[in-house]
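K.L.:
One structure, pasted below without further comment.
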Protein chains: 2
Amino acid sequence: MNFLSTLDSPAAIINLPRMLHNIQLMQQRMDALDVRFRPHVKTSKCIPVVRAQIEAGAHGITVSTLKEAKYFFVDGITDILYAVGMAPGKLPQVLSLRRQGCDLKIISDSVASATAILDFGRAHGEAFEVWIEIDTDGHRSGIKPDDNALLEVAHVLHDGGMHLGGVMTHAGSSYGLDTEEALVAMAEQERSGCVRAAERVRAEGIPCPVVSVGSTPTALSARSLEGITEVRAGVYVFFDLVMHNIGVCEMNELAMSVLATVIGHRIEKGWAIIDAGWMALSRDRSTQKQKCDFGYGQVCDINGTVLRGYLLSDVNQEHGIVSYEGAPDKNIDQSFPVGTQLLILPNHACATAAQFPEYHLLSKDGGLVSWNRLYGW
Amino acid sequence: MNFLSTLDSPAAIINLPRMLHNIQLMQQRMDALDVRFRPHVKTSKCIPVVRAQIEAGAHGITVSTLKEAKYFFVDGITDILYAVGMAPGKLPQVLSLRRQGCDLKIISDSVASATAILDFGRAHGEAFEVWIEIDTDGHRSGIKPDDNALLEVAHVLHDGGMHLGGVMTHAGSSYGLDTEEALVAMAEQERSGCVRAAERVRAEGIPCPVVSVGSTPTALSARSLEGITEVRAGVYVFFDLVMHNIGVCEMNELAMSVLATVIGHRIEKGWAIIDAGWMALSRDRSTQKQKCDFGYGQVCDINGTVLRGYLLSDVNQEHGIVSYEGAPDKNIDQSFPVGTQLLILPNHACATAAQFPEYHLLSKDGGLVSWNRLYGW
């Protein structure tokens, strides 16, 4: 009997051997490239997952919220990078964590935010460790490597008595690529831009020890990481359909899926209705713009075997519609009778996992366990 | 000082006077149409919100998960409709709730699911109350009013000793309309189809006391509800940009928003970056197909004043991009300096609210309170 048959649906399921394989693969790659690895825990937000990453050799973690920082600090992790630009109103939380012994680093990409950090730090006698966010691909935040603002921010922080810990970048536009050539080029662009920024800061006589880059696609595509001290990546731990479309994982490396149950049919339309909608899968449709559009997810049987052509074609809050691409399956009530359990591979693991309070998995000793995950801010 | 300035962001904010206005408006309409009202609590999943709906005159509630049923039953509500087709594996939970005194009703739209309910009910000596789901608009689930399967399911349940409580439908395709004429016609189609189904069941000599219809757009558009005994609606309690585009609410009736803080800028692109991304707003882009595309949300100032033209144009996990429609605002760092707090009105209140563990609001006595909401399954 499949262990999943005892679970209520919808539920988030981790395939533990696949997850451990993904963790090993990334760590070995980073070791071979001679850089430290700092996983982004926003994907799993889960202590046992992050422990497995640390055990495999990761140095420190990256977080997307201060709640994550607190959660993992209480669990014993002290080396934490908060990789979202500082809202000045959150500085008291950062101060409190640092005063408790958390080696929490924050980021800035403007004179305005650096000045807010400096003013608060001085008022409270705290030399915050700040990394400057660099924009290497025009994707979102950051200062361009050759922009004068880089040196202005470096001087505001350094001259004001803050600790300029380094520079960091995230080539988020790698998510829009799907050829090895383009990915290798983007990884090199991310590397060279960040190294260039570090060199410019150092040329001012300001120490800039850390040079941090990363996204799952570039981390898995970089040929050289010369000048880089650490890499960050998150979604590689589970992978997902978006990463599969980009070309950095195989379908059988996807380690997280959603358990669902068939509750009805619209035979004339070739639909099976399942009890997992956007509340479970999320509204993420990121494969829509990629080379293969998986709708809201790829349908697999209860053993995880991919049922080619069957997609989660539409969702409402607690309803999902499974249909066959192209011609409707007019025998769908026989293909998937009421009560059939299915596994749905998600477009975006970070977004889907965020919908669940816990993961369910078969542990190494064969027991069914659940792992809590963090929720909210 | 605005009470929101003391809150960390992102946070889900309820405008209490607007919410109470929305509740009153719907209840008065239902009273005038002489039908009972059974709010769908999947929007708020929040006890104080649902208490306000009951106090205003609602009879019972509709839920989208059995976890909601348990949550509100523990709070004292017994008249509960679980309005998602039964997965047979969930019947033990339904049985347990009924044995504890919860008057929980379930739905079926096929002989297969009705038989599963019957078999389980007989095996455990329980006459489940089952409502038959009717399809009045081809939207998703249900049996068409004139389909013979309707009478087959009615006989399976009634003859087998279950309690056929009534028929119910949800004209979800009303979400695709935006003219009063089309909405009035859809409300009439929903009404007449459901009444027709009830009449066919009754003509078989099978009692069919409840005739239940509803969606927020049709509930607010129906001219007559002859033959209908109750109406269900959910999102009206908060309203959202989708409902505004449909034409059933004004912008100043939207009662839920997301508090966010400006963390940076890309001046050359006219972007302000905020600390609220899809983790806070959800990935819902339902206004994309409507007459006005609001991106991921409409930007308002901290007092709730709509800043026309400023939209949340893109989101990542914890980052949102605020930009001006049309020409970039090249002074956006002065329009919204780092640290500026904003309120974002969401496309879809159900999806956005689901991202938060709690709501924050100014209570009637002027105090800042938070209301927990239910999470997961």
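K.L.:
Just to confirm a number: summing +1 for Lys and Arg and -1 for Asp and Glu over residues other than A:Ile143 whose beta-carbon lies under 11 angstrom from that of A:Ile143, what do you get?
P.N.:
Here the charged neighbours net out to -3.
K.L.:
Give me the distance in nm between label points sitting 7 Å out from Cα along the Cα-to-Cβ direction at A:Ile267 and A:His59, one decimal.
P.N.:
6.4
K.L.:
To continue, here is another question. What is the local net charge at B:Gln53, summed over the other residues whose Cβ is closer than 13 Å to its Cβ (Lys, Arg +1; Asp, Glu -1)?
P.N.:
+3
K.L.:
Would you mind listing how long region B:17-237 runs along its three principal axes, going by Cα atoms, in whole Å with the largest first?
P.N.:
Here the Cα extents, ordered largest to smallest, are 49, 39, 26 Å.
K.L.:
In nm, to one decimal, how far is the B:Ala149 label point from the A:Ala149 one, both placed 7 Å along Cα→Cβ?
P.N.:
5.8
K.L.:
OK, next. Suppose R0 equals 35 Å; then what is the FRET efficiency for A:Glu199 and A:Val74 from their Cβ-Cβ distance, rounded to the nearest 0.05?
P.N.:
On the way: r = 38 Å, r/R0 = 1.08.
So the FRET efficiency works out to roughly 0.40.
K.L.:
Please report, in whole Å, how far the alpha carbons of chain A spread along each principal axis, starting with the longest.
P.N.:
The Cα atoms of chain A stretch 72, 43, 35 Å along their principal axes.
K.L.:
For chain A, what relative contact order do you get, as a whole percent, if you take Cα pairs closer than 8 Å and at least 6 residues apart? Write down the numbers at each step before the final one.
P.N.:
Values: 834 pairs, mean separation 70.7, N = 377.
Dividing the mean separation by the residue count of chain A yields 19 percent.
K.L.:
Separate question: If you put +1 on each Lys and Arg Cβ and -1 on each Asp and Glu Cβ, how big is the dipole of region A:249-372 around its Cα centre, in Debye rounded to 20? Mind dumping the intermediate values first?
P.N.:
Numbers: 9 positive and 14 negative charges, 53 e Å.
Dipole of region A:249-372, to the nearest 20 debye: 260 debye.
K.L.:
How large is log10 of I(q)/I(0) for region B:173-312 at q = 0.09, 0.22 Å⁻¹ when the intensity is taken from the Debye formula with one equal scatterer per alpha-carbon?
P.N.:
Once normalised to I(0) and log-transformed, intensities are -0.40, -1.31.
K.L.:
Using +1 on the beta carbon of Lys and Arg, -1 on that of Asp and Glu, and nothing else charged, what's the dipole of region A:19-237 about the Cα centre, debye to 20?
P.N.:
Charge dipole of region A:19-237: 720 debye, to the nearest 20.
K.L.:
If you don't mind, there's one more thing I want to ask. What does the charge count near A:Glu253 come to, summing +1 for each Lys or Arg and -1 for each Asp or Glu among other residues with Cβ under 13 Å from its Cβ?
P.N.:
Charge balance in the 13 Å sphere: -1.
K.L.:
Tell me the distances, shortest first, between A:Ser363 and the same position across the other copies, using label points 7 Å along Cα→Cβ, in nm to one decimal.
P.N.:
Result, one decimal in nm: 4.2.
K.L.:
Scale the Cα Rg of the protein assembly as shown by the rule-of-thumb value 2.2 N^0.38 Å and send over the ratio, two decimals.
P.N.:
0.98
K.L.:
Please list the equivalent ellipsoid semi-axes of region A:100-157, computed as the square roots of five times the alpha-carbon gyration tensor eigenvalues, in descending order and whole angstrom.
P.N.:
Value: 23, 13, 8 Å, ordered largest first.
K.L.:
Which value, in debye to the nearest 20, describes the size of the charge dipole of the protein assembly as shown about its Cα centre when Lys and Arg Cβ atoms bear +1, Asp and Glu Cβ atoms bear -1, and nothing else is charged? Please list the in-between numbers first.
P.N.:
On the way: 64 positive and 86 negative charges, 186 e Å.
Charge dipole, the protein assembly as shown, about its Cα centre: 900 debye, nearest 20.
K.L.:
Per residue, what volume in Å³ does the Cα convex hull of region A:249-372 take up?
P.N.:
Convex hull of Cα atoms, per residue: 111 Å³.
K.L.:
Please check chain A for the longest run free of trypsin sites (Lys or Arg not before Pro) that are loop-located per DSSP (anything but H, G, I, E, B) and have at most 15 other Cβ atoms within 10 Å. Display every interim value, and only then the final one.
P.N.:
Numbers: sites that count: A:Arg223, A:Lys291, A:Lys330, A:Lys364.
That gives A:1-222 as the longest site-free run.
K.L.:
Could you name the lysines in cross-link range of B:Lys105, using Cα to Cα under 23 Å and dropping any fewer than eight places away on the same chain?
P.N.:
Answer for B:Lys105, where 23 Å is the Cα cut-off: B:Lys42, B:Lys45, B:Lys67, B:Lys70, B:Lys90, B:Lys144, listed by chain and number.
Read-outs throughout are calculated quantities, based only on the coordinates presented, and are distinct from any laboratory measurement. Nothing here was measured: the structure is a model prediction, and the numbers come from that model. Positions of Cβ are backbone-derived with ideal geometry, glycine not excepted, and every protein chain shown enters the neighbour counts.
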